Amino acid sequence: MTGVQSGNRRVISSVWTATLLLVAACREAPVEPCPSPRVSGIVAEQAAPVARPSPFDSAFAAAGAEFHVPPALLKAIGWVETRWHMVDGAEEFPGRAPAFGVMGLRGTALERGAVHAGVTLDVARRDPVANIRAAAAVLDALAGDAAIDRSRPEEWFKLIAPYSGIELSDGQAAYRREVDRALGAASPDLASSAAPAPTACQPPPGSGGAPDYAAGVWRPSPNFNARPTDSTGRTHVLIIHTCESNYVSCWSWLVNPASQASAHYVVSEDGNEISQLVHERDRAWHIAATYDCTLNRGHDCWLNGVQSNDFTVGIEHAGFASQDSFPASQLEASAALACDVTRDRGIPRDWQHIVGHGQLQPANRTDPGPHWPWIPYLHRVQALCGEIVVDDSAAFNDPAVAAAAVPAAWTASDSTPGYYGGGYRWAAMRPDATDGAAFSFRLAASGSRTLDARWTSGTNRSSQAAYAVITAAGDTLAVVRVDQTTGGGLWRALGTWTFPAGWTRVVLPRRGAAGAVIVADAVRVRE
């Protein structure tokens, strides 16, 4: 290519970028899109992402000029696909190739783009510039296949659905809307400027509320069946997934009969929308593994060999296990949903009952990945459900509201299953002992709360473990004795009291008859 030709292409590309934005934002008689359901007070961002700087702006511009594709369209698609993360994809759903790079290229699209861009598949996967060039090459090839008039910016909107790889028309329309929003459009429809403007907003199917979660959108999947009617079908574990794709591609695939996969919920990247696909009472097809309690802190070993879909609820999250962070708004929306599911289904909010897909299926899954913020996430789920949990280990506590002080003489262990966090502490009872484990929690305002305690039981445990409830002023509200030889692995109520604002301690001393041990594991405060 000559320098003059290259310069002309850059000028034309700049004109297309400006015109494309105008077509997207200024069509005649635009109407406001139907408002998406708001989740936990979260409102979708109004600013067009394409108008913001990205780490890859120069690559979008160069690839657009090289392949005669509007850079703004490349940038918008990159935002919708990966939020401009450079992702190293993994399989989440059988039969669906993993996505790679800023542009989320996968399968035949990745192969076609690499060939047209003149790079190897590995380079197209790993190098962001090559990945963006490959995506531009795909759009260039699609433009040639469709014989669009490249001088008319609105013609490029015809290629958005083919690029997405989504088969179902509802999903294609939703994907076009997302790209349109990324460009800064005022209308939810990506019709050409010559198309008649809609006279009213067009809500997504089922936008009146999901059956189990009113804030969600009901998009029913045919891919489910009934849970077992015996005890193995009792719902009591929540599994956290990442879709390994964008939000629309995720739910579109899971409502497609061809996928033979589903989940109960999908949370969008920004948390502004949640789709429910399967009733919680039914068995979604979201995890291929049978249960193995050795992967879950020795919890519920009686379920070993049972297919994990039988007793779990699955929440998919738009995004990738390889991304280095998750948006705060997505985590907040997910935590609100998790609180709702656990409250309605009686699922304990702890480390054995809210787990990752990769934890229970480590042979071929890693999601939600190493950067899912498990400890603050679980703290938020608990807080939204009116709980504070104090563990014997500081690593599992929110220091703003929970703290534990355990004397050095107490031994850390995880040999008996049923503990709350990463293990528990134990100490031998002695008549002259003066030390004790203290679990402290802070309330912002006075009020009535119920306290529960948790321990691991065994025949060598004390039958007279004494929990002393002491206010910040030093007043002892009660001393509650429990039998730790039984009842382990569950929350056991100590009682309900009215607490003042500030810090309260629950102290577990080890003074008592020799010959037994006492276990300090966790204390829970609930409304």
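The values are calculated or read from the model by the stated rules, or taken from the named source; none is laboratory data. Keep in mind that this is a model prediction, so the values were computed, not measured. Using ideal geometry, Cβ is built from the backbone for each residue, glycine included, and neighbour counts are taken over all protein chains shown.
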Exercise. Can you list the strands (runs of 3 or more DSSP E) found entirely within segment 210-297 that contain at least 1 residues being of a type in the set (Val, Ile, Thr)?
Worked result: 237-240, 265-267, 274-276
For this session: Give segment 132-156 a look and list any residue that's acidic (Asp, Glu) and touching a helix residue (DSSP H, G or I) at 6+ places or on another chain (Cβ under 6 Å), or say none.
Result: Asp140, Asp149, Glu154
Seminar exercise, completed: Filtering segment 105-123 down to residues that are in contact with a strand residue (DSSP E or B) (Cβ under 7 Å, 6 or more places away or on another chain) and either among the aliphatic types (A, V, I, L, M) or buried (at least 23 other Cβ atoms within 10 Å of the Cβ) (or both) yields Leu105, Leu110, Gly113
Seminar exercise, completed: Of the residues in segment 338-377, those that are within 14 Å of Ile239 (Cβ to Cβ) and assigned to a helix (DSSP H, G or I) number 10
For this session: Inspect segment 397-407 for any residue being more than 24 Å from Thr294 (Cβ to Cβ), out of contact with any Leu (no Cβ under 6 Å at 6 or more places or on another chain) and in the same structural domain as Asn309 (by TED's automatic domain parsing) and give the result as yes or no.
Result: no
Exercise. Across segment 471-527, which residue is nearest to Trp455 (Cα to Cα) among those that are of a type in the set (Phe, Trp, Tyr) and out of contact with any Leu (no Cβ under 7 Å at 6 or more places or on another chain)?
Worked result: Trp491
Problem set entry | Residue among Glu154, Glu111 that is over 16 Å from Ala59 (Cβ atoms), free of Cβ contacts under 8 Å to residues at least 12 places away in the same chain and in a helix (DSSP H, G or I) | Glu111
For this session: Filter segment 311-328 for residues that are in a helix (DSSP H, G or I) and surrounded by fewer than 20 Cβ atoms within 10 Å (Cβ to Cβ) and give the result.
Result: Ala328
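Conditions (1) at positive phi; (2) β-branched (Val, Ile, Thr); (3) touching an Asp or Glu at 6+ places or on another chain (Cβ under 7 Å), marked per residue:
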{"site": "Val278", "(1), (2), (3)": "no, yes, no"}
{"site": "Leu295", "(1), (2), (3)": "no, no, no"}
{"site": "Thr312", "(1), (2), (3)": "no, yes, no"}
{"site": "His317", "(1), (2), (3)": "no, no, no"}
{"site": "Ser329", "(1), (2), (3)": "no, no, yes"}
{"site": "Ala335", "(1), (2), (3)": "no, no, no"}
Seminar exercise, completed: Counted residues in segment 124-141 being over 29 Å from the mean Cα position of the chain (by Cα) and either outside the structural domain of Pro70 (by TED's automatic domain parsing) or more than 17 Å from Phe60 (Cβ to Cβ) (or both) come to 1
For this session: Scan segment 414-429 and give yes if some residue there is touching a Phe, Trp or Tyr at 6+ places or on another chain (Cβ under 8 Å), in a strand (DSSP E or B), polar (S, T, N, Q) and in contact (Cβ under 8 Å) with a residue 12 or more places away in the chain, otherwise no.
Result: no
Seminar exercise, completed: Of the residues in segment 32-69, those that are farther than 22 Å from Met86 by Cβ and at pLDDT 95 or above number 1
